[in-house]
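Only one structure is covered here, and it is reproduced in the block below.
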Amino acid sequence: MSSGADDAPVSARADLATAAVLLALGIAIIVESWGMPRFVVQSGTGLTAPGIVPGFHGAMIVLLAGLLGLRSLRQAGTKGAPATDVGSVALTAALGLIYAVGLIGRLPFWLAAALFVFSFTACFEWRASAGRRVRRLAEAAVLGLLTGGAVTYVFERIFLVRLP
Amino acid sequence: MNDPFTMLAGGFSYVLGGGAIFHALWATLLGIVVGALPGLTATMGVALLTTLTFSMGPQVAMLVLVCVYVGAIYGGSRSAILLNIPGTPASAASTLDGYPLAMQGQAGRAMGISTLGSWLGTLFGTLMLAIFAPTLGDFALSFGSYEMFWVALFGIIIAGSLSGGDSLKGYLAGFIGLFVATVGQESNHAYARFAFGNSDLAGGLGLLPVLVGVFGVSEVMGAMRGATVQAVSSKIDSVIPRISDVTKYWRTILRSGGLGTFIGAMPGLGEDIAAWTSYAAAKRTSKERHLFGKGSVEGLMAAETGESACVPGAIIPVLTLGVPGSAPAAVLMAAMMIHGLNPGPMLAISTPEFIYQIVAMLIIADMVKLIYGLILVRPLLWVLLIPRSRLMPIVFVLCTIGAYAITSRLFDVYVMLGAGLVGFILRELKFPMAPLVLGVVLGELLDKNLLRGLVLSGGDISPFFTRPISAFLFALTLLATLYAVPGLPGRLRGMLRRKPA
């Protein structure tokens, strides 16, 4: 129902792999739900067993993933859109991971935020622009410090939100 | 007993107390900016602001969130018109005629039409909310556990069937969302499901960290991938709307308003579907059909009115059933729960005045939006051109604060990160996100009502199918599923056509 370049289909092979992963997830959910205590003594009937609802979800995931897998086998050979800019996505994910797992909680929040914004902006603009790199780096540093300071001030003092 | 006009006046006086206009002004502006920036959606704006307004009172927090929601859905049309990129998915239909109008040197007129259409749409939808929400709320009081189970399942199935793209993947996304909601202690025996001895997991995956991850982090990752944007032109004609555009297309405005509100009120169908449906309906009945896609004023008006009427429409089921009508409304509902307002059928009993307070908030947001729409032209153009390499890290920092703020657990930041990565991969594999969100939000409702229904009936599942409303909702769910089976609707139509002959 929507338009745009993003609508290119996913390749049949990617769908098959997704179906396999989801099938495994669904089976794991069913196995885990089955192993949950049933609390038959407490409830008298066992109808409040914690495993019923997740077991139902797991069964539906298995069923739907199976259908997805069968469909992808029938449509084998369908080519998907060419891979998008993997480098940028990987860089974003890596920087986000270092910031959220490595920096937050170990450094004061304003410093962690400043370092993250600086390195993010610097990395992407370094790749994009050949000239004026020194100026870009300086701008990134200023942006990082401003963000760290402003965010810390606004949320801690005005919104009274606790920061990591 | 409770006269609607007195209640509405009460709603206004309640909302307008305590510097509310100030909050409405900044929140609507923020919403428009968030909506206008490609890569930041209304859902993300509402999710982030939910956690950031956590320490405010419920009255101010709700006003801020409603303003961000209304503003963001409108703001998306700015980038649709000027850049040919929908700022939020809701504005995709606006690119079809908005951008051609801008290319013809009528960018200002297009923005004026979008402002006016959006203003009228929200106003129309709000009127419908004020009229129908109290009655529907009374009706919903007759729903028991069996019915609520179907309402939750119907929401996920219809979101999967119709939220655009692949319905099989829509259902899968919905059930993955439902599964995510089961992690942690359940309500009957406090057994920690899928915790594996970890005390953080036993507390469950927080609704908002998951939503901020799926809509914040994964959108940041997606946004860093695209090419840089360029505005269509720096010369913009007058944005003051023409009265003739309204008088000429009043039928389109009313039809789109009605369609938008109705689609909003259906669980899980969001603003994008409202806009596309209104656009298609206008095209089918228009005398100027040949202009559609080439810069039709009527087409743009239909899309804008439809998407903006959907906003109050999507809040109707939140207030009456406790089931969200769209993804941003799902987050709004989560915010209501956090602030101790209990959305759902009981609202009509416990706090009937809240419905009218929401009406007052919507009207205030709509008026502020109109003012900004007419005066903020150039500043919004500058905002659109901020490089993503500078904006996105700041958004990411806000996401981490948002995830952390509610319970002050670093675990929630990791949940956000995990949800963001998984959300990004699912998006890349063309899984729609609306059913996923609905699943996470409705998981508890479905869980509680399925088990409660089973206990009440002593393990007999027949009441789920035999009670009149249950049977009706089951039939609707089944129809929504059958509709999505490839080729089946056409075959059924063929069979029906052959019979009378």
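The values are calculated or read from the model by the stated rules, or taken from the named source; none is laboratory data. Computed from a predicted model, the values in this text were never measured in an experiment. Glycine gets a Cβ as well: all are built from the backbone with ideal geometry, and neighbour counts include every protein chain shown.
Summary table
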quantity: Subset of the range B:27-73 that is under 22 Å from residue B:355 (Cα atoms), of a type in the set (Ser, Thr, Tyr) and within 18 Å of the chain's Cα centre (by Cα) - its residue that is surrounded by the fewest Cβ atoms within 10 Å (Cβ to Cβ); calculated: B:50
quantity: Near pairs, Cβ below 7 angstrom, 6+ apart or cross-chain, from the range B:323-343 (under 14 Å from residue B:444 (Cα atoms)) to any residue that is surrounded by 24 or more Cβ atoms within 10 Å (Cβ to Cβ) and hydroxyl-bearing (Ser, Thr, Tyr); calculated: B:334/B:50
quantity: Considering residues of the range B:278-290 that are surrounded by 24 or more Cβ atoms within 10 Å (Cβ to Cβ) and within 14 Å of another protein chain (Cβ to nearest Cβ) only, the residue farthest from residue B:97 (Cα to Cα); calculated: B:278
quantity: The lone exception for residue A:163 - which of (1) assigned to a helix (DSSP H, G or I); (2) more than 19 Å from residue B:392 (Cβ to Cβ) it fails; calculated: (1)
quantity: Identity of the residue in the range A:125-164, of a type in the set (Lys, Arg) and touching a helix residue (DSSP H, G or I) at 6+ places or on another chain (Cβ under 9 Å), that ends up farthest from residue A:99 (Cα to Cα); calculated: A:133
quantity: Cβ pairs under 6 Å, 6+ apart, first in the range B:166-181 and more than 9 Å from every other protein chain (Cβ to nearest Cβ), second aromatic (Phe, Trp, Tyr) and outside any helix (DSSP H, G or I); calculated: B:173/B:431
quantity: Filtered residues of the range B:182-202 (kept if touching a residue at least 24 places away in the same chain (Cβ under 8 Å) and away from chain A (no Cβ under 12 Å)); calculated: B:200
quantity: Count - residues of the range B:118-159 that are within 23 Å of residue B:358 (Cβ to Cβ) and in contact with a Lys or Arg (Cβ under 9 Å, 6 or more places away or on another chain); calculated: 4
quantity: Pairs with Cβ under 7 Å, 6+ apart, first in the range B:421-440 and in contact (Cβ under 8 Å) with a residue 40 or more places away in the chain and within 11 Å of residue B:165 (Cβ to Cβ), second in a helix (DSSP H, G or I) and charged (D, E, K, R); calculated: B:430/B:169; B:431/B:169; B:432/B:169; B:433/B:427
quantity: Neighbours by Cβ (under 7 Å, 6+ apart or cross-chain): first from the range A:50-77, in a helix (DSSP H, G or I); second among the acidic types (Asp, Glu); calculated: A:53/B:447; A:68/A:15; A:72/A:15
quantity: Cβ-Cβ under 8 Å pairs, at least 6 apart or on other chains, the range B:405-416 side farther than 13 Å from residue B:210 by Cα, far side β-branched (Val, Ile, Thr); calculated: B:405/A:161; B:405/B:51; B:410/A:104
quantity: Top-ranked residue of the range B:250-290 - restricted to ones that are of a type in the set (D, E, K, R), in contact with a helix residue (DSSP H, G or I) (Cβ under 7 Å, 6 or more places away or on another chain) and part of a helix (DSSP H, G or I), ranked as nearest to residue B:95 (Cα to Cα); calculated: B:272
quantity: Residue that is modelled with the lowest pLDDT, among those in the range B:421-478 that are of a type in the set (S, T, N, Q) and touching an Asp or Glu at 6+ places or on another chain (Cβ under 9 Å); calculated: B:449
quantity: Index of the failed condition, residue A:85 passing every other in (1) loosely packed, with under 14 Cβ neighbours inside 10 Å; (2) more than 9 Å from chain B (Cβ to nearest Cβ); calculated: (2)
quantity: Candidates B:9, B:24 - the one that is buried (at least 24 other Cβ atoms within 10 Å of the Cβ) and at pLDDT 85 or above; calculated: B:24
quantity: Residue satisfying all of: in the range A:126-164; facing chain B (nearest Cβ under 8 Å) and at pLDDT below 85; surrounded by the most Cβ atoms within 10 Å (Cβ to Cβ) among these; calculated: A:164
quantity: Sole exception among (1) touching an Asp or Glu at 6+ places or on another chain (Cβ under 7 Å); (2) modelled with pLDDT under 95; (3) among the small types (Gly, Ala, Ser) for residue B:121, by number; calculated: (2)
quantity: Counted residues, the range B:418-437 - those being more than 8 Å from chain A (Cβ to nearest Cβ), under 27 Å from residue B:29 (Cβ atoms) and not in a loop (DSSP other than H, G, I, E, B); calculated: 2
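Per-residue answers, yes or no, for (1) more than 21 Å from the chain's Cα centre (by Cα); (2) acidic (Asp, Glu); (3) within 11 Å of chain A (Cβ to nearest Cβ); (4) assigned to a loop (DSSP other than H, G, I, E, B):
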| position | (1), (2), (3), (4) |
| --- | --- |
| B:370 | no, no, no, no |
| B:380 | yes, no, no, no |
| B:396 | yes, no, yes, no |
| B:403 | no, no, yes, no |
| B:416 | no, no, yes, no |
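The rows are residues; the columns are (1) out of contact with any Asp or Glu (no Cβ under 8 Å at 6 or more places or on another chain); (2) more than 9 Å from every other protein chain (Cβ to nearest Cβ); (3) modelled with pLDDT of 95 or more.
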position	(1), (2), (3)
A:30	yes, yes, yes
A:47	yes, no, no
A:56	yes, no, no
A:59	yes, yes, yes
A:65	yes, no, yes
